[in-house]
Amino acid sequence: MKLGLLLLATTLPIAAFAQNSSTTVNSSTEYPNTFSSGSANVKPFDNKSRLFRDWSISVGGGAAFMVHSALTSINSDKTNWGYNAYVSIDKQISHTFGVSLMYTRGETKQTGQLPGAPGIAAGVATGTTQFDQLALMGDINFSNLLRRVDNHSPYRWAFHGYGGIGLQGYRTSLHDNDRNRWSDNPKRVPLFVKQDLDINSVFYQAGLGLKYNVSPLIDVEARTMYIISGEQSFDGSGYNNSSYDPKAPTESGYRYTILNNKRSYNAWTVSLGVSFKLGKHLSHLAWHDPLQEAYYKTNVLENAATDFVVCEKGDQDNDGVCDDWDRQLDTPAGARVDGAGVALDMDLDGVIDLYDKCVTVPGPVENNGCPIK
């Protein structure tokens, strides 16, 4: 207990003394304050103090496929190609993370055939899905996140990961040779499903992208996204009244499933895009790694060759003190000098030690620095 009180009594004065008034951060409306780092070199962050671009507009498009569903776009005998096109407004929050507001429109084409007798009667069914999506998406720059600090190579490629949530609307149709065809006798029509873009149709998406920095104004990107619809009718197979829904009742009392019986039928897109970086600054924040920049500048300073010029004016009296700061330029040869180049006089009697016969006892000059008896 006594030892603890002793330590407390000794550390408190040290801690209080360490809080120098010139470096203490106080709470005020001026910088530095409790909301700053405490550095004197701080200023408000506004548009004038920005060093990098952080806004961009991206557009792109490519192929779209219905996968992991009852009707699929990629089958063993044929691939049914669809399309997707997107536009987004992108905001870079830091050098590793950004967000995008993204609108996508696309269409998939898919086929499938029921097994057994129903499949023989209906033949190969063809489905079409047209979708519109509005999503908020996060963007992680893996290249900046995982880049080594000792990697000083040119930085033109970047690997990105995406993930987000949004709302979608879609319109589907399904045609076959049996129940889902145009017919007056018996009366039959193809299967159509319409889902409006609203809060009742939420979807999720995740994907990867590879970007290339073409110039300070333009990036190009190859991107692939996996879309989780959350809907079993997204592929065109319909709801429970469809002969292609595994839960729908039939005359025989059971239903076959074409591919799977998941609650969500999903799509896959592959696209190429271009980003137009907005702003007046030279580079974009997504292509800047502050940690690497700090290490790079340190490395430059460590390897910089600096030549120090010593004794630019020489040493006229050869006393070992350069004339640049020598206060006695004519020191006699052999005399010991101080740091300012002045000859030493240990006993301060006016006779330098070089000529003083009694170095430790003062005396007149006439007696070579020794006292007169």
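The values are calculated or read from the model by the stated rules, or taken from the named source; none is laboratory data. Remember, it's a predicted structure, so these values are computed and weren't measured experimentally. Cβ: placed from backbone, ideal geometry, glycine included. Neighbour counts: every protein chain shown. These area figures cover heavy atoms from the full protein model, side chains too; ligands, DNA and RNA do not enter into them. Shrake-Rupley method; radii C 1.70, N 1.55, O 1.52, S 1.80 Å.
Quote to one decimal, in nm, the extra length available between GLU366 and ASP77 on full extension: 0.36 nm per residue of separation minus the C-alpha distance between them.
91.8 nm
For VAL300 paired with ILE140, estimate the spin-label separation in nm (one decimal), with each label point 7 Å from Cα along the Cα-to-Cβ line.
My value for the distance between the label points is 3.2 nm.
Accessible area per residue for the range 268-357 in Å², computed with a 1.4 Å probe and the full protein assembly in place, what is it?
For the range 268-357, the per-residue accessible area is 69 Å².
With a cap of 12 neighbouring Cβ atoms within 10 Å, and only residues DSSP puts in a loop, list the trypsin sites (Lys or Arg not before Pro) found in the range 56-141.
Those satisfying the criteria are LYS78.
Quick one: 3J(HN,Hα) in Hz for the range 215-221, Karplus 6.51/-1.76/1.60 with θ = phi - 60°, rounded, Gly and Pro as x.
Each residue's phi maps through the Karplus curve to give 7, x, 9, 9, 10, 10, 8 Hz.
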